[in-house]
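The values are calculated or read from the model by the stated rules, or taken from the named source; none is laboratory data. Since we're looking at a predicted model, the values are computed, not measured. Backbone-built Cβ (ideal geometry, glycine too); neighbour counts: all protein chains shown. SASA here: full protein model, heavy atoms, side chains in, ligands and nucleic acids out. Shrake-Rupley method; radii C 1.70, N 1.55, O 1.52, S 1.80 Å.
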Amino acid sequence: DLQWLNTEGPISLHKDLCGKVVVLDFFTYCCINCLHLLPDLHALEHQYSDKDGLVIVGVHSAKFPNEKVLDNIRSAILRYNIVHPVVNDADATLWHELEVSCWPTLVILGPRGNMLFSLVGEGHREKLFLFTSIALKFYKERGQIKDHKIGIKLYRDSLPPSPLLFPGKVTVDDSGERLVIADTGHHRILVTRRNGQILHTIGGPNSGRRDGRFSEAAFNSPQGVAIKNNVIYVADTENHLIRKIDLELEMVTTVAGIGIQGVDKEGGAKGEEQPISSPWDVVFGNSIAGTQEDDVLWIAMAGTHQVWALMLEGGKLPKGSDLKKGVCLRFAGSGNEENRNNAYPHKAGFAQPSGLSLASEEPWNCLFVADSESSTVRTISLKDGAVKHLVGGERDPLNLFAFGDVDGAGINAKLQHPLGVTWDKKRKLLYVADSYNHKIKVVDPKMKNCATLAGTGEASNVIGSSFTQSTFNEPGGLCVEENGRLMYVADTNNHQIKVLDLETRILSMLPVLNPEACDVPDNLPVQKDKITNLPKLPKSAPNVQLPSITVAPGQTIQFLLKLTLPPDSKLNEEAPNSWFITAEDNTWLIQGQCPSGEIKDVSSQTIIPFQLPRSCLSAEAILAVKACLYYCSKGSSACMMKGISFSQPLQIATTNQGSLTQVELMHSFLTN
């Protein structure tokens, strides 16, 4: 009577699994140790199939309330590419029945459902393989193994394609012009313009581990990203590596890690010789008395429950000795999974730190840490390394169950598995991705106050009229522009980047646009043949004059196109329904832009992003946004081609008008 995933229906131990050796994997999807076990299970199911007599069943016994929800487990199964049956043991029925006491635990059953063996914790790959192979051999010789198939039905096979898949983290460069998105589920890094147009695609769509040119590089579920000038550092989480992307040379290299999960909790070797474990976030920082800015890369090392440093130049860390360039070592955290604050960084304890942000200015001068498994935000002083509590959790360092959704101060505030933090220099506030509460929270570090900024607490995908009416689904990362205007949120389970305008309080979605959609190289005049390919509107197409708007160079205009068809007619989806932008006398306006796109559906609005060039050649211009639709009346077989044109006069000011202007384009087509 439990819910099943990845199967055609419920599986019975005494019917379906009779004659099989069964490995039960008791896991919870937030837990890094459970994730570390998945490669072992992948390898085991690769070696033995249900035909050979082996079946692996994931038993999901939740730690957090949010993890009991079937849809959230379904997302986790996709994120971690789990291809065996999974049962939702939300009330821990099976967990108690088999007297399991910690995550992860593997229980091996014989062909009569008899319990043979159990393994607690991670790191038992050899024992797992040895025991499974011997059990299969033993029962096969006695004729007790059956070779029938178990009905598997993978949820991933029914997914519609989307530009992003479980994006984990996002960051913005100092100019605010470029975003870097960890497109985690596609195993790639995207660099886009602020209007969502892709400039570089690095790696993907399959996982792998390869350095080299952008087209041949490969990552495995990358998370944290940090950009400075034309260099990006990446926490390549499931490869257990730190990678460096050079946008000028278009090359990817490895700067830390050896490609297999490390168990070393001290480090100190040169980066590419130093094993590391599940790095989840990276952020630039400064060493003590270093001569260069940003000469340290801080790393949230979720796999060993620590914060590490990679020395990008020679220098010193707080309470440390001189270090050579390229050295990678532990900075804070004993490696024990706990919520322990201490004046000595090595004696403090973290629980799967997953997000980092830096406030270098006085009086803060600290790293903020989203410590997911203790459901807290902590600080590490960059003066002396002292680790302190900011919000969430409770006083007992061993209680990792002090979670909730409560606004308040310090220990009275409660979070649920926060994965990201970002510092707003302008307002001196910290924003937190409170992932399992599906909210963005704001913390004033001076008063230790924590309050909900956006999200209702419900996991869904609503772009509401205000921050608090909009919803998220397990947001994993966030960042704020240098000027404090826009916040970008990696809304992980909605496969989107959300844009929050902190001044107007308007929330929108970043439309990720493939460069293939326009094939217009940067800074080249729009190719003439591209324009001639644009459809001609019928003579009957009305021209709607819009009121003039004032904009600034570099600003983004989002046109929201909402077209209504006559009653009893439907869009002909086979036909080339499209929108396009022209600027007859001002072609400089659309240089390097995507001048056209498809209209797939008229029931929802089509978002058309347009970014003004940085340098504008005149103070006034007119943009025309046109749409061409083919629709058929339901009763007869007649099909119409209809067009509409909107003229948008622009007044181009030199002063900053804010970053995003939205213009609604509405039109109803009347009967033929």
Item to complete: Working only within the range 460-486, note down all residues that are in contact with a Lys or Arg (Cβ under 7 Å, 6 or more places away or on another chain) and of a type in the set (S, T, Y).
Response: S466
Discussion item. So for the range 177-186 (the condition being over 29 Å from A76 (Cα atoms), outside any strand (DSSP E or B) and outside the structural domain of G19 (by the TED database)), does at least one residue qualify?
Written reply: yes
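Residues are listed down the side, and each one gets a yes or a no for (1) assigned to a strand (DSSP E or B); (2) out of contact with any Pro (no Cβ under 9 Å at 6 or more places or on another chain); (3) open to solvent by 10 Å² or more (accessible area, probe 1.4 Å); (4) of a type in the set (S, T, Y):
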residue	(1), (2), (3), (4)
P547	no, no, yes, no
T550	yes, yes, yes, yes
G554	no, no, no, no
P576	no, no, yes, no
L589	no, no, no, no
D601	no, yes, yes, no
Worksheet item: In the range 357-373, what residues are part of a strand (DSSP E or B) and closer than 14 Å to A300 by Cβ?
Response: S357, L358, L367, F368, V369, A370, D371
Item to complete: Those residues that are without any contact (Cβ under 8 Å) to a residue 60 or more places away in the chain and open to solvent by less than 10 Å² (accessible area, probe 1.4 Å), I need them from the range 240-256; list them, please.
Response: L241, R243, I245, V252
Worksheet item: Which of the residues that make up the range 179-231 are at pLDDT 95 or above, of a type in the set (S, T, N, Q) and crowded, with 18+ Cβ neighbours inside 10 Å?
Response: T184, T192, T201, N220, S221, Q223
Worksheet item: How many residues are open to solvent by 10 Å² or more (accessible area, probe 1.4 Å), in a strand (DSSP E or B) and either among the aromatic types (F, W, Y) or in contact with a helix residue (DSSP H, G or I) (Cβ under 6 Å, 6 or more places away or on another chain) (or both) if we restrict to the range 401-452?
Response: 1
Response to the item:
Taking first residues from the range 308-332 that are in the same structural domain as K270 (by the TED database) and at pLDDT 95 or above and second residues anywhere that are open to solvent by 30 Å² or more (accessible area, probe 1.4 Å) and among the hydrophobic types (A, V, I, L, M, F, W, C), the pairs with Cβ under 6 Å that are 6 or more apart or on different chains are M311/L323
Worksheet item: What's the number of the condition S354 fails, among (1) open to solvent by less than 10 Å² (accessible area, probe 1.4 Å); (2) assigned to a loop (DSSP other than H, G, I, E, B); (3) within 25 Å of N33 (Cβ to Cβ)?
Response: (2)
Item to complete: Test S508 against the stated conditions and say whether it is within 18 Å of the chain's Cα centre (by Cα), outside any helix (DSSP H, G or I) and either under 22 Å from P609 (Cα atoms) or without any contact (Cβ under 8 Å) to a residue 60 or more places away in the chain (or both).
Response: yes
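Yes/no matrix, rows are residues, columns are (1) within 25 Å of G457 (Cβ to Cβ); (2) open to solvent by 40 Å² or more (accessible area, probe 1.4 Å):
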position: L5; (1), (2): yes, no
position: N33; (1), (2): no, no
position: R79; (1), (2): yes, yes
position: V107; (1), (2): no, no
Worksheet entry | Criterion violated by A459 - all others in (1) within 21 Å of P65 (Cα to Cα); (2) among the hydrophobic types (A, V, I, L, M, F, W, C); (3) open to solvent by 30 Å² or more (accessible area, probe 1.4 Å); (4) free of Cβ contacts under 8 Å to residues at least 60 places away in the same chain satisfied | (4)
Item to complete: Just name the residue that is nearest to I181 (Cα to Cα) out of those in the range 275-300 that are surrounded by 23 or more Cβ atoms within 10 Å (Cβ to Cβ), of a type outside the set (S, T, Y) and without any contact (Cβ under 8 Å) to a residue 60 or more places away in the chain.
Response: P279
